[in-house]
Each structure stands twice: as structure tokens, then as C-alpha cells.
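All remarks here apply to the structure that follows.
The values are calculated or read from the model by the stated rules, or taken from the named source; none is laboratory data. From a predicted model like this one, the values you see are computed outputs, not experimental measurements. Here the Cβ is made from the backbone with ideal geometry for all residues, glycine too, and neighbour counts use every protein chain on show. With ligands, DNA and RNA removed, areas are computed over all heavy atoms of the protein, side chains included. Shrake-Rupley method; radii C 1.70, N 1.55, O 1.52, S 1.80 Å.
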Amino acid sequence: MSIDLGDRASAAGLALDAEALARLERYRDLIAAAAAKFSLTAVRDPAAIEERHLLESLRLGRSLADEGLLPAAARVLDLGSGAGLPGLPLKIARLDLDLHLLEASAKRCRFLRETVAALDLTDVRVIEGRAETVAHDPGQRGRYDLVLARAVAPLPVLLELALPLLAVGGHLAAIKGSGAAAELATAGKALDTLGGEVLTTLPLVAPAGPALTIVLVRKVAATPARYPRRAGLPAKRPLL
């Protein structure tokens, strides 16, 4: 167990047992060792990985739990998962979650599968593909209680990718930087078209970097069947 990681988690108000801390430490080491090979992250120092990736993800989970958005056995999709962030740290802290990691890059999917196996995690599925395609799969569309998105796309684009995957009543939790307010100001048409409404915004404490904001969007109506549009089109022609 990493005493430093445990202390930092406790200082952030995160209660983690020895098994969870050991898994997080192992996960940190796997990211550091494979970051360059799999183009995972530019953050490769173990201490920085802990703060910038692991603890930030856990703080997100704490905020979502406080809002009542992480019930037992919640079906969670990490959209554009990359190195498994923020989904895998949340799963390590909450083993009951039914987690799916959606990633378009084949090599990152390989890392995710190897990591899930190395961490001995169950109820985690890696989905290789683009959201524009996966969201039209009847087995995926409207399935999830919660979609997580970190550094995926501007909010109007992200809404088109994420909302079709949510069940009505489900939520999107998008981590945004200093441009959060500007992105929200441009998201009205996408929200109206796709069946979403902004629930609230919350600060995400990030001592090692710039201030972050959690944008919470509730899906209030079914998304029209034509959305998302074909691959690349949401980004090229966002709903503005």
C-alpha cells in the first residue's frame, strides 16, 4: 500500500480500503510504464499521475455520489476512455459499478483490456469503436445511467455523442476547464434537439492544475433516432 497515496486520498475526503489503494497503486504503475507505448497521457511521473488522474477521478466520483448519481450497481460508460480515466479509478473505489469503457483506438483498447485483467476487476467491458457508431447499436443505445467524459469534445459535440447512450433520466458528467461557461452558452440547441437539460455545475478540486468544472446534464426525453450523425459529422457540423 502506498502511504502517500492513502494520505492524499484521506486529505481529499476519500475513504479507500487497503485493497483499493493497492489496486490504485498498481494502476498508477501500469499507466506510467505504458504511457508512451500506447499514447495514453503526457503525465508520466507517478506522483503526478496520482494527483492529476487518479485523485481527480476519485474526487469526481465523490461529487457524483454526493449528488445521488452513483447508486448501487449503476451502469456507467466512460466515453473516450483513453487510459481508463475517469472510469477505472471509480470502479476501483466502487466495485459494484457496471462499467463500460468506450475507446476508438485499438492500441488503447489493448491497454485497457490488459489493465482490467492485471487489476483483477470484474463487471468491466472494453468497447472498441466510435460513439457515433456504438450509439446506434440497440444493445448500447439508451442503456446507461451515467456517462463520464473527460477531455472528449466541446459540449455541443459531446452532447450528440453521449445523450443517445443514456437512458431517459440518466446523466452525463462532463469535466470541463476554464471554457465551461462559454461551452454551456453554445449548448442550447443541442440540449433541445437531443433531449437534455443542464442539471447543475460543480467545482472539481484540482490542486495540481487549473480549476475544473463538472457539468451535469440530465436526459429528459428520448434522443431522435437520427442522432448521433455519422462519424465525424458532430464535430464538423455541431448543433449550434
### Message
Anything in region 81-103 that is of a type in the set (Gly, Ala, Ser), assigned to a loop (DSSP other than H, G, I, E, B) and at pLDDT 95 or above? List them, or say none.
### Response
Ser81, Gly84
### Query
Can you spot a residue in region 61-70 that is surrounded by fewer than 18 Cβ atoms within 10 Å (Cβ to Cβ) and more than 22 Å from Gly177 (Cβ to Cβ)?
yes
### Task
Kindly indicate whether Ala162 is modelled with pLDDT of 95 or more and in a loop (DSSP other than H, G, I, E, B).
no
### Query
When only residues in region 14-56 that are under 26 Å from Leu202 (Cα atoms) and of a type in the set (Asp, Glu) count, which is modelled with the lowest pLDDT?
Glu51
### Query
In this structure, is Thr200 at pLDDT 95 or above, within 19 Å of the chain's Cα centre (by Cα) and of a type in the set (Ser, Thr, Tyr)?
yes
### Query
Does region 175-194 hold any residues that are touching a helix residue (DSSP H, G or I) at 6+ places or on another chain (Cβ under 6 Å) and within 23 Å of Val134 (Cα to Cα), and which are they?
Ala187, Ala190, Leu194
### Task
State whether one or more residues within region 26-43 are closer than 20 Å to Leu14 by Cα and open to solvent by 60 Å² or more (accessible area, probe 1.4 Å).
yes
## Note on the structure
Scanning region 226-240 for residues that are open to solvent by 80 Å² or more (accessible area, probe 1.4 Å) and touching an Asp or Glu at 6+ places or on another chain (Cβ under 7 Å) gives Arg230
### Task
Within region 210-225, count every residue that is at pLDDT 95 or above, open to solvent by 50 Å² or more (accessible area, probe 1.4 Å) and among the aliphatic types (A, V, I, L, M).
3
### Task
Might you let me know whether region 167-189 holds any residue that is open to solvent by less than 40 Å² (accessible area, probe 1.4 Å), in contact with a strand residue (DSSP E or B) (Cβ under 9 Å, 6 or more places away or on another chain), assigned to a helix (DSSP H, G or I) and of a type outside the set (S, T, N, Q)?
yes
### Message
If a residue counts only when it is without any contact (Cβ under 8 Å) to a residue 24 or more places away in the chain and among the β-branched types (Val, Ile, Thr), which helices (runs of 4 or more DSSP H) contained entirely in region 1-80 have at least 1 such residues?
### Response
3-11, 46-49
